[in-house]
1. How much net charge surrounds B:SER242 when only other residues with a Cβ under 12 Å from its Cβ are counted (Lys, Arg +1; Asp, Glu -1)?
2. Between B:LYS94 and B:GLU18, what length comes free when the chain is fully extended (0.36 nm per residue of separation minus the Cα-Cα distance, one decimal in nm)?
3. For the range A:26-65, which GluC sites (Glu not before Pro) pass both filters: DSSP loop (anything but H, G, I, E, B) and at most 12 other C-beta atoms within 10 Å?
4. Simple spin-label model, 7 Å along Cα-to-Cβ: A:GLU77 to A:LYS37 in nm?
5. What FRET efficiency do you get for B:LEU259 and A:MET1 if R0 is 60 Å and r is their Cβ-Cβ distance, rounded to the nearest 0.05?
6. Quick one: which residues, 5 or more positions from B:ARG216 or on another chain, have an amide H under 5 Å from its amide H? H modelled 1.01 Å from N in the peptide plane, none for Pro or chain starts.
7. Return the FRET efficiency for the residue pair B:ALA198, B:ASP55: r is the Cβ-Cβ distance, R0 is 35 Å, and the value is rounded to the nearest 0.05.
8. According to the Kirkwood expression over distinct Cα-Cα pairs, how big is the hydrodynamic radius of the range B:122-162, in Å?
Amino acid sequence: MAIKVKVEFLGGLDVISSGVREHKLSVPLEEGEATLKDLVDYITKTIITDPKDIPVFIEDDTVRPGILVLINDTDWELEGGEEYVIESGDVFTFTSTLHGG
Amino acid sequence: MTEERLPVRKVKVTALCELCHGRKAVMKRPKNLQKLCKECFYNVFETEIHNTITDAELFKPGDVVAIGASGGKDSTVLASVLKTLNERYNYQLKLVLLSIDEGIKGYRDDSLATVKRNQAQYEMPLEIVSYKDLYNWSMDEIVACAGMRSSCTYCGVLRRQALDRGAAKLGINHIVTGHNADDVAETVLMNILRGDTARLEKSTTIVTQSTGSPIRRSKPFKYTYQKEIVLYAHYKKLDYFSTECTYAPEAFRGTTRELLKSLEAIRPSCIMDIIYSGEHLTLKPKKKKITPKYKNQKKVNDEVEVNADGSVSLNKEFKDAGLEMNRAKVSIENNASIDGAAKLSKTLEQLSF
């Protein structure tokens, strides 16, 4: 069963997904088992348009420092980070904080 | 990780706000790892900035203050928070948005549209000063002539001057900028890494003023984390612009920023710690060793060359800095070494209009 989630790329991060800020995904993973780490791997493989842009999103096998991750509008640090078990209906927001202000 | 995997929909006791103990925590403060709900976060965020402002006595009642507004997250949050605090604590400030149009197609034109919306949202007057009007050169034209290599350096120097000129035009002598704790820590690190001890001591001061300029610049966000600024903008749904400038940032600054972000991921307090270290470093008084060349340059630059249309002659500024700007040339500084770029930046920053 696929897990239906929404993924947002904000703060200029949409450059790595052809300028699309919001992605509604049907992730082919097992609900109750799949973690945010699995989702991040899936995103890296499917949403990032140009493989050259992967380092903009991933560093040392995890989301790059400086990208703020929210799970249903809550800081992922409060939700177990990458170990968070994803559920249908979840919204994941990735916001780059690296741009000038 | 030994964290229990409880159903997410149930609010865990550990996930409650550590201040009100009533609402669900939504964020963890990098400064002290405190878990807060939205309401308490807004309150703490705004109050800390208020404390920074009052501790440093940044404003007096009746002051007219220009907010350096780029449309980006920092200056948008700054405008929003200053408006809130001005009303809440009755600072009696008149706030004005001051924007610089560098003339970068596809970047600044879009971000200025954001500032124009902010003008209406925050009910503040807006003044836009353009490089083209002021120097008769847009940033796009400068890059076309001088190349991308030192574009950030040129742009930074010109923007500082342009902000001063814009403020002077409005009769304002105080500019606040959205520089945050991450920016300050980044500057401290960069100065350490470059051995730039002269700038190191000044890099953490909250109020700065160029010699001979009546205009003060201050950073109310000096102790405010970038992460919290982004979260504040996100939760409050503030309208901000977030596209990277078309021209690549200076490589050294970019690398320092990444280093800082990696450090922050391991030890979030390090940003405050670096600022603290910067504030408490007292350098041994050194023998004055100003290179005669710089000394002379400063004197020469005191004269301002103004064109008939009132714009400042850019050619002169760059010539004084050892550069030639010529529209006919395709490139002049493409082979400048790193060393040359640092020298150029030093020289440019010494310029006064």
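No lab work stands behind these numbers, since they all come straight from the coordinates. Everything numeric here is computed off the predicted structure, so don't read it as measured data. Cβ sites come from the backbone with ideal geometry, for glycine too, and all protein chains shown count toward neighbours.
1. On the way: positive: A:ARG21, B:LYS73; negative: A:ASP14, B:ASP74, B:ASP110, B:ASP239, B:GLU244.
After counting each charged neighbour, the total is -3.
2. Details: separation 76, 0.36 × 76 = 27.36 nm, distance 3.61 nm.
Value of the extension gain: 23.8 nm.
3. Details: sites: A:GLU30, A:GLU31, A:GLU33, A:GLU59; in loops: A:GLU30, A:GLU31, A:GLU33.
Passing both the DSSP loop test and the Cβ count: A:GLU30, A:GLU33.
4. Each label point lies 7 Å from its Cα, and together they span 2.0 nm.
5. Working: r = 43 Å, r/R0 = 0.71.
So the FRET efficiency works out to roughly 0.90.
6. B:HIS174, B:ILE175
7. Working: r = 26 Å, r/R0 = 0.75.
FRET efficiency, B:ALA198 to B:ASP55: 0.85.
8. Values: mean 1/r = 0.0888 Å⁻¹.
Kirkwood hydrodynamic radius for the range B:122-162: 11.3 Å.
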